[in-house]
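I have placed the structure first, in the form of structure tokens, so that the comments after it can refer back to it.
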Amino acid sequence: MLLADVSACPYPEARVVFRPRGTVRDVDTRRLVPRTDLVLADPRLAAAERRLGRALVKAAVARAQQRARNGQIAPAEVADAAVAELPARAAGLTPVINATGVLVHTNLGRAPLSAAAVDAIAAAAGHCDVEFDLAAGVRARRGAGALDALARAVPAAEAVAVVNNNAAALVLAATALARPDASGPAATALARPDASGPAEIVISRGELIEIGDRFRLPDLLACTGARLREVGTTNRTTAADYAEATGPRTAFILKVHPSNFRIEGFTAAVGVPALAELGDSHGVPVVFDIGSGLLTPHPLLPDEPSAATALRDGAALVTASGDKLLGGPQAGLLLGRADLIRRLRRHPLARALRVDKLTLAALEATLTGPVPPVAAALAADPASLFDRAERAVARLAAAGLDARVVPSSAAVGGGGAPGVELPSAAISLPEALAAPLRRGSPAVVGRLEAGRLLLDLRSVPPEADSLLAAAILAAASR
């Protein structure tokens, strides 16, 4: 008997045996791996192809075939292995139970949408009347439902607009208001006729913030071609500083809420009422970036500015995020004077920054529907959080897990309400469970403190408690 030399073959299981006179008795086991078309004909994979698309299913089949060639599975197991490897959905994003205690976690997608918003997205996913009047059969105002809902939520705003995020709202304001020459023939210059040189945005040095991932506000504004006139110092800016800098070249005075940090001690800042009085005396508007998207005052967040209060105090234009304290989709909200909103809407850049139908649907449902998850979490009673934690720990302890209930401090997150601690309750587990929980389905993300994994229930909706407990038990069993 002769054994063929397969030492150079990348597949060590390949084996061909030759008998005298060249008779082949054993064949390369790779020949037993089923063809791709035969595997794809499996009813389970055919159904998955309709749900996930051919590319993802074929890739799973290819990986299973390779495992068979490597001898890790039998050729007859290829279809089963491919089915086991199929992703749950066509997109790569994985659902996560946010047990970090950070209600608006940027790395986890910021605000979770309400069930009403999710339903609205599903309804708008196909053809819909986003820009069409079904009764009259003619073109209509784009996203009228969402815009009307936003206007009703903040009656102090003469007009409203929506772009794709708060940074876009500021870019649009700076481009349209501080560079009127670039805003098209329909626009009217804000700078007075006697102004010479580029229009300026007056802003305190203490409000030149970095908004995360090294995106810095002065860089964002400078890229529009606007000129920044910085006043005051990092810790102290007075009304006199603004007054000295405001003049014929001023396009607007910009106030930015430092929503992701706090300065304490020897400090001074100027509120919107004083800035509005100064702006009125010079004929320039005050633009206030409140950041976190709080539309009306919240009793738990007394230092967090709201759009309604800012407008009543005299701000001509307010910008905010839709996916933070509002609890909606990513969006940049613009609220204020009708003439300024009109100028922004008519600027060519507004078309590049407009939101899609899914965002409009989710925003409207957030504004008109039930309390969003972020608002519900913010208002959660600490006693109820401890009750939920006790029930979960009882279930886990009965299964033999080292689980305890511990007090915790949650946070708003997402650049909102810095320094505000929200009393909460957490499930304390061995640190070793952190990784298997992140790899589970659904994934669970908590935080590590003093060698323990804490799962803070303030950021977990009550309806997810059973799912969370099951995920913990599954992770412990792996």
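Paramagnetic label reach from THR94 (point 7 Å along Cα→Cβ; backbone nitrogen cut-off under 11 Å): within region 426-457, residues 435-445.
Annotation: for a label point projected 7 angstrom from Cα along Cα→Cβ of GLU431, residues of region 437-478 with backbone N closer than 19 Å are 437-439, 445-456, 476.
Ranked from largest to smallest solvent-accessible area, with a 1.4 Å probe on the protein heavy atoms, ASP323, ASP381 come out as ASP381, ASP323. Using the 1.4 Å probe convention, the accessible area of the chain works out to 49 Å² per residue with neighbouring protein chains retained.
Calculate the all-directions average of the projected area of region 50-116's alpha-carbon convex hull, and give it in nm². Walk me through the numbers before you get to the answer.
Working: hull surface 28.1 nm².
That works out to 7.0 nm², a quarter of the Cα hull's surface.
Of all DSSP beta bridges confined to the chain, the antiparallel ones make up roughly 60%.
At 1.4 Å probe size, put PHE132, PHE266 in order of accessible surface, largest to smallest. Kindly include the intermediate steps, with their values, before the conclusion.
Details: PHE132 90, PHE266 145 Å².
The ranking, largest first, comes out as PHE266, PHE132.
How many angstrom lie between the C-alpha centres of region 59-98 and region 296-329? Each part reduced to its Cα centre gives a spacing of 47 Å.
Which entry in [x] 105, 55, 51; [y] 95, 62, 49; [z] 70, 49, 43 is this structure's computed Cα extents along the principal axes in Å? Identified label for the calculated read-out: [x].
What percent do you get for the relative contact order of the chain when only Cα pairs under 8 Å and 6+ apart count? All intermediate terms of the calculation are to be shown ahead of the outcome.
Working: 920 pairs, mean separation 86.3, N = 478.
After rounding, I find 18 percent.
Residue order by solvent-accessible surface for PHE261, PHE215 is PHE215, PHE261, largest first, with ligands and nucleic acids left out and a 1.4 Å probe. For the chain, the share of accessible area belonging to carbon and sulfur comes to 55 percent (1.4 Å probe, ligands and nucleic acids excluded). Converting phi to 3J(HN,Hα) with the Karplus coefficients 6.51, -1.76 and 1.60 and the offset θ = phi - 60°, region 144-159 yields 4, x, 5, 5, 5, 5, 5, 5, 5, 5, 10, x, 5, 7, 5, 8 Hz in sequence order, with x at every glycine or proline. Under 5 Å from the amide H of ALA159 lie the amide H atoms of GLY336, ALA338, each residue being 5 or more positions distant or on a separate chain, with H modelled from the backbone and absent for Pro and chain starts. Bridging of LYS255 to lysines at a Cα separation below 25 Å is possible for LYS324, once same-chain residues fewer than 8 apart are set aside. Per-residue SASA remark: ILE209, around 10 Å² accessible (1.4 Å probe; ligands, DNA and RNA not included).
Give the separation of the Cα centroids, region 132-156 to region 340-383, in Å. After rounding, the separation between the Cα centres reads 14 Å.
The values are calculated or read from the model by the stated rules, or taken from the named source; none is laboratory data. Being a predicted model, the structure only gives us computed values, none of them experimental. A quick note on method: Cβ atoms are made from the backbone with ideal geometry, for glycine too, and the neighbour counts reach across all protein chains shown. Side chains included, ligands, DNA and RNA excluded: accessible areas come from the protein's heavy atoms. Shrake-Rupley method; radii C 1.70, N 1.55, O 1.52, S 1.80 Å.
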